[in-house]
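Enquirer: One structure follows; several queries about it will come next.
The values are calculated or read from the model by the stated rules, or taken from the named source; none is laboratory data. Source: prediction; values computed, not measured. So basically every Cβ, Gly included, is an ideal-geometry build from the backbone, and we count neighbours across all protein chains shown. Only protein heavy atoms, including side chains, enter the accessible area calculation; ligands, DNA and RNA are left aside. Shrake-Rupley method; radii C 1.70, N 1.55, O 1.52, S 1.80 Å.
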Amino acid sequence: MSNPTSSTQTVHHLFSYGTLQQPEVQLSQFGRLLDGSPDALPGHRMTTIQITDPAVIEASGTDRHPLVLASDAPEDTVEGQVFAISDAELAAADAYEVDDYARVRVTLRSGTPAWVYLERPNEGPGATADTNDGAEEPVSVREWLRSLEVFAGPLADFDPAGAPADPVELFLGWLREAVAAGVPDAHAMTLSTVGADGGPDARVLILKNADADGWQFAVHAHSPKGRQLAERPRAALTFYWPLLGRQVRVRGAVEPASPERSAADLLARAPSARAEVLLGRQSEHLESPEERDSSFRTALARIESDTALVSPEWMLYTLVPTAVEFWQADKGRLHNRLRYERTDPRGLWERHLLWP
């Protein structure tokens, strides 16, 4: 097999703490001995799992294979070796590993990003693994969650020194990049408000517009969020684009648009969406799906018979920000954060770097 470090091939780093370090396994799976260097996976501990795949047992010579779990103890570290392999060899490693393992991306002690085979996360909380003495040890929710990969893909670059003076310009640039990268529902955002009891409330909405005036969204005036905004006209928006490792946080006062602009926004929506607004019972207790469906059919018939019909409760809001933060993830956790701040909602912006 050709050398995977050739400039014409993609090179993957694979960390092994188990049988892939054995020469006989490497020869049987890859047709060559791999060049490895010692490394370690911090924040994890070793256990074992019993496998039943005959081919893997024959290649490795044992039915007991190591399994790594996330650990709460910061001093826990799993020692092993990191190998440089090709696309084909990575596929061969995937075929060798049994279904109990999943390949995930990690950062090793050396700082090297690498693939490693850990407990398959979609087993979910409540799964078990064999301990070294053969007894079954339950996998806690915390361990399961810590095994899930974050910042898996190639992260976007961000140089705060080159950021524009206006946060809207930077936001729209990031939004376009998220759409181009294939982030699903890139214009979706979390709207956070304050309830009558003083507690926070949050839900996901779709962004309507972003311009020099602010960030726009729409709500039903009689919905919980509509009532909360009327009583406490301040809010926060959060955008998260995981494929790029980016989030944007916007906070400030909200201002309602004119009834004419709100009506125009509603008329631009699909008939089914306008019919749902006519129901006017968002978040109320529902007795049965049949009741909902009957009411929806009635509302839709009204829309179809009067194409200009709008609900006066539909409210278009603009969040006029006093703070906009741009957050760019870093695999080493030295995240880049830039916050635009102003005390006057219509004043000039100041820019400040923030600690990770």
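Enquirer: Putting +1 on Lys and Arg Cβ atoms and -1 on Asp and Glu Cβ atoms, find which of PHE30, ALA55, LEU145 reaches farthest to the positive end of the dipole of the chain.
Expert: LEU145
Enquirer: At q = 0.13 Å⁻¹, what is the base-10 log of I(q)/I(0) for the chain according to the Debye formula with one equal point scatterer per Cα and no solvent? Please give it to two decimals.
Expert: Debye curve over Cα of the chain, log10 I(q)/I(0) at q = 0.13 Å⁻¹: -1.04.
Enquirer: Could I ask something else about it? Within the chain, which DSSP H helices have Cα atoms that stretch 15 Å or more along the helix axis and a mean Kyte-Doolittle hydropathy of at least 0.5?
Expert: For the chain, where a helix must reach 15 Å along its axis and average at least 0.5, the hits are 167-180.
Enquirer: Order the peptides 222-230, 178-186 from the highest to the lowest mean number of other Cβ atoms within 10 Å of their residues.
Expert: Listed from highest to lowest mean packing, they are 222-230, 178-186.
Enquirer: Turning to a different aspect of this structure: Report the rotationally averaged projected area of the stretch 179-256 based on its alpha-carbon convex hull, in square nanometres. Spell out each step's value before the answer.
Expert: Numbers: hull surface 22.2 nm².
The orientation-averaged projected area of the Cα hull of the stretch 179-256 comes to 5.5 nm².
Enquirer: Here is a further query. Just how large is the dipole of the chain about the Cα centre, in debye to the nearest 20, putting +1 at every Lys and Arg Cβ and -1 at every Asp and Glu Cβ?
Expert: 1500 debye
Enquirer: A follow-up question, please. Can you show me the helix-derived [θ] at 222 nm for the chain, built from DSSP H runs with n ≥ 4 at -39,500 (n - 2.57) apiece and divided by the number of residues, rounded to the nearest 500. Let's see the in-between values first.
Expert: On the way: 9 runs with 89 residues, N = 356.
Mean residue ellipticity, 222 nm, calculated: -7500 deg cm²/dmol.
Enquirer: Summing Lys, Arg as +1 and Asp, Glu as -1, what charge do residues with Cβ under 13 Å from the Cβ of ARG292 carry, ARG292 excluded?
Expert: -4
Enquirer: Return one whole number: the accessible area per residue of the chain in Å², for a 1.4 Å probe. Walk me through the numbers before you get to the answer.
Expert: Values: 18690 Å² over 356 residues.
Result: 52 Å² per residue.
Enquirer: Sticking with this structure for a sec: Would you mind calculating the gained length between SER37 and ALA308 on full extension (0.36 nm times residue separation, minus the Cα-Cα distance), in nm to one decimal?
Expert: Full-extension gain reported as 90.5 nm.
Enquirer: Okay, moving on. In bins 5 Å wide, starting from 0, what share of all Cα pairs of the stretch 300-356 does each bin hold, as a percent?
Expert: Cα pair-distance distribution for the stretch 300-356, in percent: 4, 15, 14, 12, 9, 9, 7, 7, 9, 9, 5, 1.
Enquirer: Now for a separate question. Between GLY195 and residues 5 or more places away or on another chain, which pairs have amide H atoms under 5 Å apart, with H built 1.01 Å from N, and which residues are they?
Expert: Hits under the 5 Å cutoff: ASP201.
Enquirer: Can you give me the % of accessible surface on the chain that is carbon or sulfur? Probe 1.4 Å, all protein chains present, nothing else counted.
Expert: Numbers: 9810 of 18690 Å².
In the chain, the share of accessible area belonging to carbon and sulfur is 52 percent.
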